[in-house]
1. Can you give me the P(r) profile for the stretch B:209-350? Cα pairs, bins 5 angstrom wide beginning at 0, each as a whole percent.
2. Can you pull the mean other chain C-beta count within 10 Å for peptide B:51-57?
3. Jot down the per residue volume, in cubic angstrom and as a whole number, of the convex hull over the alpha-carbon atoms of the stretch B:22-125.
4. If I model a spin label as a point 7 Å beyond the Cα along the Cα-Cβ vector, how far apart are those points for residue A:294 and residue B:121 in nm?
5. Per residue, how much accessible area does the stretch B:226-302 show when a 1.4 Å probe rolls over the protein heavy atoms, in square angstrom?
6. Give the calculated FRET efficiency between residue B:112 and residue B:202 to the nearest 0.05, with a Förster radius of 25 Å applied to their Cβ-Cβ distance.
7. So how do B:188, A:133 rank on accessible area, 1.4 Å probe, biggest first, that is with the largest at the start?
8. Find the centroid of the Cα atoms in the stretch A:109-161 and in the stretch B:54-109, then give the distance between the two in whole Å.
Amino acid sequence: MNDWADILVNQAFWVAVLRIATPLIFGTLGVLLCERAGVLNLGIEGIMVAGAFAGWLAVYAGAPLWAGVAVAALTGAVFGLLHALLTVGLALSQHVSGLGITLLATALSYYGYRVSFPKVNTPPTVAPFAPMEWLAIPVLDAQTPLTLLALLLVPLLAYVLQRTPLGLALRMVGENPQAAEGQGVSVAAVRTGAIVAGSALMGVAGAFLTLSAFNAFFFNMVNGRGWICVALVVFASWRPGKALLGALLFAFFDALQLRLQQSGDALLPYQLYLMLPYVLSIVALVLVARKAGYPQALMKPYRKGER
Amino acid sequence: MRLERRHETSRTALLLAPVGAVGFTLLVSALLVLWAGAPVGRTYALLLQGGFGSVFAWSETLTRATPLILTGLAATVAFKARLFNIGAEGQFYGGALAAVAVGGLHGGTGFTLPPWLLFPLMMAAAACVGALLLLGPALMKNKLGVDEVVTTLLMNFIVLLAVSALLDGPMKDPTAMGWPQSVSLQPELELSRMVAQTRVHTGLLWAGALAGLAWVLFKYTVAGFDIRALGANARAAAFAGVPVTRTMVLVALISGALAGLAGAIEVAGRTSYVTLDLSPGYGYSGIVIAMLAGLHPLGVLAAGVFVAGVQVGADTMSRAIGVPTYIADVIVAASLIAVLVATLLTQYRVRWK
């Protein structure tokens with residue numbers, strides 16, 4: 001038991017928790033935006049890969065770090081626009097379109113990487129974001145500005161969703177598009193906007209990996225984080241505050257399994273520790289399933305004039 | 001922008017849609033080939049030649065198509081009932097490992113059953129493991145309303161880690177120089193070659209037969225009708241007396257079993273042991289194949305050969321001219337989206353106003 005106490009009082013542990021949580025916060029908020037407007041976005045896994053690659057490539061080519069983040073957001077937005085065109089404009093299956101975008105974005109990124117760097121054994125690196133040492137808050141002072149941005153986005157998004165006409169319109173098209181249209185809200189425009197904005201956040205989530213957590217682009221580096229975000233949104237009942245909580249909780253267990261794996265006496269295979277976060281995600285989904293308040297129009301395409 | 005349903009869909013348009021979509025995809029992918037600095041015409045010629053240009057190319061394509069057809073069928077059966085099984089990758093590995101567990105040489109000895117008995121046992125074990133892996137998510141969807149997409153996706157990671165643990169531990173081949181590799185299958189259980197000097201094995205016949213069976217299931221049986229009804233409109237199906245839970249369970253068992261069999265057949269036909277790179281994403285490609293085929297079991301055969309040909313051809317082309325093999329994944333993913341759009345346009349007209 002002493003091991004556990006040692007881990008929990010260690011500041012480095014909590015630094016790791018917040019670092020692991022950051023891409024999940026961006027990604028979860030992105031999924032949340034899309035789903036509150038009534039559209040499932042399974043493109044997240046691929047959009048994170050594309051954001052990670054495009055943002056990193058821009059910085060590698062000499063752009064400033066924040067420009068790299070902007071490039072990642074823009075890349076995400078472009079794929080979001082494609083998803084919106086397919087699911088909102090053409091009312092195709094949101095599942096299939098999202099999976100198609102994940103496959104396409106991943107393949108394009110890997111292709112782009114191989115074209116740019118045909119023969120490298122060690123991945124080329126960039127100088128990533130530096131920790132905010134000027135900040136006098138423990139744990140947070142070891143994080144990069146992107147983490148701060150993620151944390152600030154949570155109340156901002158909660159405010160926009162709950163307290164502004166834009167947020168009301170967004171929630172309406174996700175709950176009852178007919179009523180929204182009746183109020184003069186363009187369902188197609190609001191949904192498209194939400195998907196584009198949400199996908200931009202997913203792109204930034206990917207950029208965090210290559211520009212802050214690591215300094216290079218690797219294949220398989222997103223490794224299911226996007227899917228975890230989709231699960232976290234259900235766990236969070238589509239609320240930004242709870243999404244933050246869910247991301248932190250998930251990151252806590254992920255950091256814990258890493259520590260246990262390192263300090264472990266090798267009684268259990270290390271794979272069991274790695275499995276823990278995925279198992280917990282499924283358990284969390286089952287636990288909240290009964291009371292999950294899905295947006296009423298989620299996954300229901302809306303065609304003007306049809307009932 | 002508004003969609004307006006066409007009064008009738010012409011057969012020609014329906015047949016031309018996939019061709020046009022793939023053509024459009026190749027046109028767009030040409031830009032990527034240019035980015036890599038390669039001549040477009042020669043790249044595509046090499047790709048076509050590598051996938052379909054010779055007996056050897058065909059043999060490699062059909063070898064690759066075998067698991068793809070099976071995972072494509074797994075996705076087809078599930079998606080028909082709107083059970084979005086994205087977990088075929090995990091079910092594939094589960095089936096592969098189950099096959100080796102039953103039919104493998106464990107320290108030089110395996111089960112000492114005669115091959116004619118052990119072979120069906122091995123296939124049954126693989127089908128069971130695949131089916132059981134999907135049963136959980138299907139029941140969670142049906143009873144608790146947990147979205148199966150997320151659970152099956154997460155299951156992929158769990159199964160792969162479990163396979164990795166088993167390959168490091170109890171299933172490890174002690175003679176593999178520390179490499180995480182399972183014990184080998186008993187030689188008598190391996191599928192035989194269909195053409196000498198190639199890798200095409202009788203698994204291809206299994207895949208073809210199972211595609212035919214799936215077609216019969218949908219077209220001529222009550223269960224098949226129930227599955228289609230469930231997918232078309234679950235509430236109406238329940239109202240009309242379709243046993244919803246039972247049908248969903250059946251779909252999960254069939255779909256998971258097909259993906260599990262894909263793993264077993266890949267082991268018995270090609271590698272004879274399990275490693276962590278046994279599948280370059282066959283489970284995910286299966287979804288694309290099912291959608292390209294318009295969820296038609298016989299269409300899966302064609303779509304499976306197409307995707308396999310592009311992948312095999314891209315390997316050959318890449319060796320010759322240096323365009324990264326990932327071009328195959330781009331072409332396949334982009335064709336998926338293009339085919340979906342093209343099919344939609346055969347049924348709807350877009351009105352801009």
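The values are calculated or read from the model by the stated rules, or taken from the named source; none is laboratory data. Since the model is a prediction, treat every value here as computed from it, not as a measurement. Here the Cβ positions follow ideal geometry from the backbone for every residue, glycine too, while neighbour counts run over all protein chains shown. SASA here: full protein model, heavy atoms, side chains in, ligands and nucleic acids out. Shrake-Rupley method; radii C 1.70, N 1.55, O 1.52, S 1.80 Å.
1. 2, 8, 13, 17, 17, 17, 12, 7, 4, 2, 1, 0
2. Values: counts 0, 0, 0, 0, 0, 0, 0.
Counting other chains' Cβ atoms within 10 Å and averaging over B:51-57 gives 0.
3. Numbers: hull volume 20.4 nm³, N = 104.
Measuring per residue, one finds 196 Å³ for the Cα hull of the stretch B:22-125.
4. 4.4 nm
5. Details: 2740 Å² over 77 residues.
For the stretch B:226-302, the solvent-accessible area averages 36 Å² per residue.
6. On the way: r = 24 Å, r/R0 = 0.98.
So, using R0 = 25 Å, E works out to roughly 0.55.
7. Numbers: B:188 115, A:133 145 Å².
Output order, biggest surface exposure first: A:133, B:188.
8. The stretch A:109-161 and the stretch B:54-109 have Cα centres separated by 38 Å.
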